[in-house]
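Here is the structure we will look at, set down as structure tokens.
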Amino acid sequence: MGLQRNVGQSHREPSIPPSTDDWCSGAGGLGCEILKNLAMSQFKDIHVIDMGASKPTEPLPCLPASSDRVPDTIDISNLNRQFLFRSSDVGKYKAEVAARFVEQRVKGVSITAHNNRIQDFDEDFYKQFQLVICGLDSIEARRWINAMLVSIAEEAEDPDGIKPLIDGGTEGFKGQARVILPSITSCIECQLDMHAPRAAVPLCTIASIPRQPEHCVEWAHVIAWEEEKPFPNLDKDDPKHVTWLYQKALTRAQEFNIPGVTYSLTQGTIKNIIPAIASTNAIIAAACCNEAFKIATTSAPCLGFENNYMMYSGNDSIYTYTFKHEKKDDCPVCGRQARPLDVDPNLTLQDLLDSLAMRPEAQLKKPSIRAESKTLYMQFPQGLEEQTRPNLAKTITELGLENGQQVVVTDPAFPLEFNFFLKFKTGS
């Protein structure tokens with residue numbers, strides 16, 4: 001069937017205002033699709049960031065010497081779904097290559113590539129954008145940019161300070177797209193319990209009787225590596241290191257007659273890689289960019305005040321569902337109310353911090369904690385960490401904390417504070 005466009009009609013198509021600056025995080029499978037869609041939708045000024053991989057032996061000119069991560073480079077395995085890259089691009093920076101490719105194909109678009117972490121920029125940098133679109137595979141990065149945009153919105157004196165955040169994500173045949181109006185609607189932190197941490201395999205299963213090929217890989221990763229230390233530090237991006245783990249896992253699997261251990265499975269297990277499907281990326285990227293277009297042109301209602309979350313599932317036929325994710329009054333980012341923290345006063349401070357890392361609504365990595373009148377434990381700087389370290393072995397009672405007392409928890413990967421009030425468990 002051929003489709004013909006009627007150019008003689010008087011209907012005027014919506015267009016992107018020339019002042020619309022758009023920020024796109026990620027230049028991977030989803031990010032490539034988003035970048036292409038934005039350019040083809042007449043967004044003229046786009047900024048893209050992509051970051052990953054491990055630290056090089058020499059600092060790059062775009063990074064401070066102290067940075068522990070470098071810009072993500074293109075791997076041969078990316079080429080099957082990250083269509084802006086070619087074989088000749090392997091080893092180059094994703095953000096740079098993606099930006100130049102789209103600029104060459106779409107005339108009039110200007111794309112600025114940033115080889116940095118999103119955390120490397122301050123509020124003034126993010127204030128210049130009208131829209132932020134995330135195609136990230138990191139919950140930590142999503143939480144950070146969400147908190148930054150909420151902070152900007154709360155400090156703003158006019159509506160221009162509200163920078164809509166459009167977030168997309170895929171996992172195999174599943175995906176989601178959502179629009180967040182910072183400080184107004186449900187934010188990423190409100191929805192954090194939808195991204196529960198990956199369930200851990202019991203160590204006893206790994207060490208004694210593995211049942212799945214992944215158990216053999218985890219054994220090589222957690223036990224064999226620590227016992228034999230073939231290299232000083234494990235680099236999950238180093239083929240030599242991955243090969244060593246693969247060979248150990250394969251031997252382990254053969255001992256227990258477990259098939260299925262491959263190099264790609266080894267790499268995916270140790271890096272928690274989720275299989276990516278190009279068509280799912282295309283669907284979710286299209287949904288995200290449709291929302292960006294509607295917001296920029298005001299040509300149609302966007303996901304936002306009412307239904308603000310779209311889920312897609314292609315596992316069983318094709319299914320989509322749009323619903324309203326409610327804002328939480330006790331959200332530590334957009335609610336800012338102190339929330340209850342159930343605790344046994346006989347637990348040690350170390351136990352309390354470990355429990356915070358496991359809570360689905362917190363998922364903190366390196367938490368520090370302080371009360372109103374005292375610092376209980378600080379991860380940084382080193383001098384303060386050494387000074388407060390003895391508190392980790394003390395119980396909540398021994399530290400002089402009381403039922404109902406407010407504590408503040410911080411984490412270096414998170415720009416805001418968590419406010420809790422202690423709620424001693426009955427009978428403790």
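Looking only at the stretch 121-154, count every residue that is in contact (Cβ under 8 Å) with a residue 12 or more places away in the chain, charged (D, E, K, R) and over 25 Å from Asn281 (Cβ atoms) and tell me the total. Give the derivation first.
Applying the first criterion (in contact (Cβ under 8 Å) with a residue 12 or more places away in the chain) to the stretch 121-154 yields 123, 126-137, 139-154.
Applying the additional criterion that residues be charged (D, E, K, R) yields 123, 127, 137, 140, 142-143, 154.
Filter once more, keeping what is over 25 Å from Asn281 (Cβ atoms): 123, 127, 154.
Residues in the stretch 121-154 being in contact (Cβ under 8 Å) with a residue 12 or more places away in the chain, charged (D, E, K, R) and over 25 Å from Asn281 (Cβ atoms): 3 in total.
Look at Lys248 and say whether it is assigned by TED's automatic domain parsing to the domain that holds Gln176 and either in a helix (DSSP H, G or I) or modelled with pLDDT of 95 or more (or both). Show your work before the answer.
Details: assigned by TED's automatic domain parsing to the domain that holds Gln176: no; either in a helix (DSSP H, G or I) or modelled with pLDDT of 95 or more (or both): yes.
No: the conditions fail for Lys248.
Mind counting the residues in the stretch 379-428 that are buried (at least 18 other Cβ atoms within 10 Å of the Cβ), under 31 Å from the mean Cα position of the chain (by Cα) and among the hydrophobic types (A, V, I, L, M, F, W, C)?
7
Looking only at the stretch 312-352, count how many residues are over 17 Å from Phe420 (Cα atoms) and acidic (Asp, Glu).
So the count comes out to 2.
Out of everything in the stretch 91-106 that is under 10 Å from Lys36 (Cα atoms) and surrounded by 15 or more Cβ atoms within 10 Å (Cβ to Cβ), what residue ends up being farthest from the chain's Cα centre (by Cα)?
This residue is Val106.
In this structure, is Asp45 under 24 Å from Leu84 (Cα atoms), modelled with pLDDT under 90, of a type in the set (Asp, Glu) and in the same structural domain as Ala287 (by TED's automatic domain parsing)? Walk me through it before giving the result.
Values: under 24 Å from Leu84 (Cα atoms): yes; modelled with pLDDT under 90: no; of a type in the set (Asp, Glu): yes; in the same structural domain as Ala287 (by TED's automatic domain parsing): yes.
Considered against the rule, which asks whether it is under 24 Å from Leu84 (Cα atoms), modelled with pLDDT under 90, of a type in the set (Asp, Glu) and in the same structural domain as Ala287 (by TED's automatic domain parsing), Asp45 comes out as no.
Could you pull out every one of the strands (runs of 3 or more DSSP E) wholly within the stretch 303-411 that has 2 or more residues that are out of contact with any His (no Cβ under 9 Å at 6 or more places or on another chain) and within 30 Å of Lys174 (Cα to Cα)?
309-313, 319-323
Looking only at residues in the stretch 272-326 that are of a type in the set (Ser, Thr, Tyr) and touching a helix residue (DSSP H, G or I) at 6+ places or on another chain (Cβ under 8 Å), which one is farthest from Ile46 (Cα to Cα)?
Here the residue is Tyr312.
Go through the stretch 277-336 residue by residue and tally those that are in contact with a Cys (Cβ under 6 Å, 6 or more places away or on another chain) and either in contact (Cβ under 8 Å) with a residue 12 or more places away in the chain or aliphatic (A, V, I, L, M) (or both).
Selection size over the stretch 277-336: 7.
On the given criteria, is Pro259 outside any helix (DSSP H, G or I) and surrounded by 14 or more Cβ atoms within 10 Å (Cβ to Cβ)?
It is false that Pro259 is outside any helix (DSSP H, G or I) and surrounded by 14 or more Cβ atoms within 10 Å (Cβ to Cβ).
For the stretch 86-97, which positions are on the phi < 0 side of the Ramachandran plot, assigned to a loop (DSSP other than H, G, I, E, B) and not hydrophobic (A, V, I, L, M, F, W, C)? Even if it seems obvious, please write down each step before you answer.
First pass over the stretch 86-97, keeping only residues on the phi < 0 side of the Ramachandran plot: 86-90, 92-97.
Okay, now just the ones that are also assigned to a loop (DSSP other than H, G, I, E, B), so 86, 90, 92.
Across the stretch 86-97, the qualifying residues are Arg86, Lys92.
Applying the selection to the stretch 361-378, what residues are more than 22 Å from Phe424 (Cβ to Cβ) and loosely packed, with under 14 Cβ neighbours inside 10 Å?
Answer for the stretch 361-378, where residues must be more than 22 Å from Phe424 (Cβ to Cβ) and loosely packed, with under 14 Cβ neighbours inside 10 Å: Lys365, Lys366.
Just give me the residues in the stretch 98-113 being over 11 Å from Ser25 (Cα atoms) and either small (Gly, Ala, Ser) or assigned to a helix (DSSP H, G or I) (or both), in sequence order.
Scanning the stretch 98-113 gives Ala98, Ala99, Arg100, Phe101, Val102, Glu103, Gln104, Arg105, Gly108, Ser110.
Given (1) under 23 Å from Asp21 (Cβ atoms); (2) of a type outside the set (Phe, Trp, Tyr); (3) modelled with pLDDT under 90; (4) surrounded by 19 or more Cβ atoms within 10 Å (Cβ to Cβ), where does Ile206 come up short, assuming only one miss?
Going through the list (1) under 23 Å from Asp21 (Cβ atoms); (2) of a type outside the set (Phe, Trp, Tyr); (3) modelled with pLDDT under 90; (4) surrounded by 19 or more Cβ atoms within 10 Å (Cβ to Cβ), Ile206 breaks only (1).
Regarding Ile34, is this residue under 23 Å from Gln119 (Cβ atoms) and either at pLDDT 50 or above or in the same structural domain as Arg143 (by TED's automatic domain parsing) (or both)? Quick ask: steps written out before the conclusion?
Values: under 23 Å from Gln119 (Cβ atoms): yes; either at pLDDT 50 or above or in the same structural domain as Arg143 (by TED's automatic domain parsing) (or both): yes.
The answer is yes for Ile34.
Of everything in the stretch 280-322, what is closer than 25 Å to Asn80 by Cα and either exposed (fewer than 12 other Cβ atoms within 10 Å of the Cβ) or of a type in the set (D, E, K, R) (or both)? Give them in sequence order.
Asn315, Asp316, Ser317, Ile318
The values are calculated or read from the model by the stated rules, or taken from the named source; none is laboratory data. Just so it is clear, the structure is predicted and the values come from calculations on it, not from any experiment. We place every Cβ from the backbone using ideal geometry, glycine too, and count neighbours over all the protein chains shown.
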